[in-house]
Amino acid sequence: QFHPNYQEASETNGCLGRCPSKTIEAGLENYWTDQQTLEQVLLMQQIFLFYYLEENMPRRELLRNFMTFLCSMQPGSFGSSLSEIAVRNMHSILNTSVFVFIEMLDVDGLLEMIATNASDQLVDLSKWSTLDLTSLEIEKVSQPHLTLVWSVFQQLKHVLSPQQEKLAYSPDQVAVKSISQGALDRIIFALRDEVIHSSTDSTAFHSVLKNFVSSLLVAFELTPKRLPSDMLEALTKIFALSVSGEPILVEQFWNEEYLLDQPIRNFLGECQQLFPSLPTPYMRLLQALCEAVDETNANLVNDKVLSHFRDLKSLSVFHSPSDLMDATSEIHIRHQVQKLQLQMGRQVRIVKNCVYQIPDCPGLFIDDKVVGNVLEYYQDGRDDSESRYLVSWLVDIDGYFLILSRLHSFSISEEMISKAEEIQLSFKLLSSVLANSMDHWEELMAVNIDDNEIRLLDVAAVIFERHRSMLAHTTNEEAGVCLSVLSSCLNLAIAVSTCDPKLVANWLRKVVGGSGVMSGSILSDPSQCIPAIAGIYRKEVSMGSFDFTITFLKLVNSLAEKVVFGPDSILYLYFATFEILSNIQTVTFHNRHQQIDLVGSALSLIQNSLRIYELLQDMRRVIDVCPVKDFDWSTNGSSYTSDIESFLRNKFSL
């Protein structure tokens, strides 16, 4: 167990000395422990920078000492007497250690050698020869994410020099064991650590882990079509988190000059081949790569993302053997099942004179003239009739049409909850694209399916209403899924509001409704003026998480900042004041930052509403002196100012 050392436990003089000695001892011990663990966190960060910023390599004994230190820092060994702050610091030390370990081994250096060296060129690995540890030393660590790093390190050395002396253990077996023990989940946990996230050197941490993903892909030649779904999900999450909020890394990726990103670029292309049958990996990667932008790289990133998913050259579909025939011989595949298992990449067609409807894509069909390549064979049962072939059909298609077509299909599906993750990622991706697409946004708002215009916001409205209706009858886990989808709908609206705020204001009025407020009236229960939103908010109160309400207030503030208002604007103001701020002291928050965001958004809405009121008052005075052409005060401003004045007269508002 971790026990801090104390030089003295006696009672001290001064103010603290007037307290009972036990109280002093306990207080000083907790304070001293917190400070010791904080110092270790800072030291670990300094060690990371020492290896990250300089060409430093540790001596063998230093590496062993580091591993010994980590062995003594098992999460289960923290003493129960440690304070919450000390335990949090200890976890941060462990989380930072994986970044230190990657840099100590200089995994980036090995990857760079693979990227730049010719295949027949001899490589000098003497720089890394002193870093070998025995299998027993590795087993003692018993922390799967660190053993995964070690296996990648060893496998990269083997790729560079296959003739090197064989190890007593197989790196790929170590990697498989580490991943089965939760190595990738531990890395995700480390990336989300508050110390790493808020560090001034967060880009360095994120860059190291992004390059580690490339190293992992190269070391074991990983391809998405052959990865288990949980591992594929974890890998894409790690990459998405590593570029989150890092515009420099995103620009580096799309510039295509940074060689260490090439394995991930290839991986993205391979995930694109699986779309839309396995949509989540591709959409998660692409969404992460267009979210972190700033003014300097917005055009570059948006053009790259748009060209990537709007100009697809193939789409993938799962087929049973009875759907397919050989593309050249026109012999039915069901007579060649055993042969086909050995011939991935074989060209096939749909059975002659047949048309195949793409699942969840209304309006999209494949006929017997389209050629496809078999990507993978999946044995679902003992009988070959239960097998599936993943076929990539060679067609030119707009990925945006695919996404909106699938969203439209989900909006009328009976099993919408099972599609929640894809719906969220679709809305997130479209939100990121629309927020930076002032030149393209109109063409992205609708597609034609079977001669019917399907509008993006209309689909979002249906999905919003269905998930809102489901919310009242779900478990806490399903409620979290519903709330995430509802938030993603509003985030989409926020993105569209940058292009057409009046369109979004009308959409929001339609989606959330409201009981209405007559000018000069005072509601007996103002918090109930938007029952739909109030109901969702109360569900969030019961769960202690407020992503949806914060997003709703951000949307309303976005409209108010653009001076877009109407009879419903006062309803949002009443909700923020009487439902949120009036009861804020009685609400439990699982995340302290959400409390700050929620209160800040509610106060911003009051401030923005009063700014509009002052602006209208100024305009009224101007109009009285010099009338403004085509401005009807009675319909545009009078009702709003009356509603604000009624709000201010309400004795509870102040």
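The values are calculated or read from the model by the stated rules, or taken from the named source; none is laboratory data. What you see is a predicted model; the values in this text were computed from it and never measured. Every residue, glycine among them, receives a Cβ derived from its backbone with ideal geometry; neighbour counts consider all protein chains shown. Calculation scope for accessible area: heavy atoms of the full protein, side chains included, ligands and nucleic acids excluded. Shrake-Rupley method; radii C 1.70, N 1.55, O 1.52, S 1.80 Å.
Can you name every one of the helices (runs of 4 or more DSSP H) wholly within segment 407-500 that holds 1 or more residues which are touching a strand residue (DSSP E or B) at 6+ places or on another chain (Cβ under 9 Å) and modelled with pLDDT of 85 or more?
Working: elements: 420-435, 456-471, 476-497.
Result: 456-471.
If you check Leu616 against the conditions, is it within 19 Å of Glu645 (Cα to Cα), at pLDDT below 90 and open to solvent by less than 10 Å² (accessible area, probe 1.4 Å)?
Values: within 19 Å of Glu645 (Cα to Cα): yes; at pLDDT below 90: yes; open to solvent by less than 10 Å² (accessible area, probe 1.4 Å): yes.
The answer is yes for Leu616.
Being touching a residue at least 24 places away in the same chain (Cβ under 8 Å), acidic (Asp, Glu) and open to solvent by less than 70 Å² (accessible area, probe 1.4 Å) is true of Asp193.
Output yes when any residue across segment 151-166 is under 19 Å from Arg64 (Cβ atoms), among the β-branched types (Val, Ile, Thr) and either buried (at least 20 other Cβ atoms within 10 Å of the Cβ) or within 24 Å of the chain's Cα centre (by Cα) (or both), and no when none is. The answer is no, given that none of the residues of segment 151-166 is under 19 Å from Arg64 (Cβ atoms), among the β-branched types (Val, Ile, Thr) and either buried (at least 20 other Cβ atoms within 10 Å of the Cβ) or within 24 Å of the chain's Cα centre (by Cα) (or both).
Any idea which of Ile85, Ile102, Ile47 is at pLDDT 90 or above, of a type in the set (A, V, I, L, M, F, W, C) and over 18 Å from Leu148 (Cβ atoms)? Of Ile85, Ile102, Ile47, the one residue that is at pLDDT 90 or above, of a type in the set (A, V, I, L, M, F, W, C) and over 18 Å from Leu148 (Cβ atoms) is Ile47.
Yes or no, residue by residue, for (1) free of Cβ contacts under 8 Å to residues at least 24 places away in the same chain; (2) in contact with a strand residue (DSSP E or B) (Cβ under 8 Å, 6 or more places away or on another chain); (3) open to solvent by 60 Å² or more (accessible area, probe 1.4 Å); (4) in a helix (DSSP H, G or I):
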position	(1), (2), (3), (4)
Lys539	no, no, no, yes
Gly566	no, no, no, no
Leu571	no, no, no, yes
Phe589	no, no, no, no
Asp597	no, no, yes, yes
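Selection over segment 203-219 of residues that are farther than 21 Å from Ser178 by Cα and either open to solvent by less than 20 Å² (accessible area, probe 1.4 Å) or aliphatic (A, V, I, L, M) (or both) gives a count of 4.
Given the structure, is Glu257 farther than 25 Å from Ile196 by Cα and either open to solvent by 50 Å² or more (accessible area, probe 1.4 Å) or part of a helix (DSSP H, G or I) (or both)? It is true that Glu257 is farther than 25 Å from Ile196 by Cα and either open to solvent by 50 Å² or more (accessible area, probe 1.4 Å) or part of a helix (DSSP H, G or I) (or both).
If the requirement is being part of a helix (DSSP H, G or I) and either within 20 Å of Lys210 (Cα to Cα) or modelled with pLDDT of 90 or more (or both), which of these qualifies: Asp108, Asp34?
Asp108
Residues are listed down the side, and each one gets a yes or a no for (1) open to solvent by 10 Å² or more (accessible area, probe 1.4 Å); (2) assigned to a loop (DSSP other than H, G, I, E, B); (3) in contact (Cβ under 8 Å) with a residue 60 or more places away in the chain:
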{"residue": "Thr280", "(1), (2), (3)": "yes, no, yes"}
{"residue": "Met283", "(1), (2), (3)": "no, no, yes"}
{"residue": "Leu289", "(1), (2), (3)": "no, no, no"}
{"residue": "Val293", "(1), (2), (3)": "yes, yes, yes"}
{"residue": "Leu300", "(1), (2), (3)": "yes, no, no"}
{"residue": "Asp303", "(1), (2), (3)": "yes, no, no"}
{"residue": "Phe309", "(1), (2), (3)": "no, no, yes"}
{"residue": "Ser314", "(1), (2), (3)": "yes, no, yes"}
{"residue": "Val317", "(1), (2), (3)": "no, no, yes"}
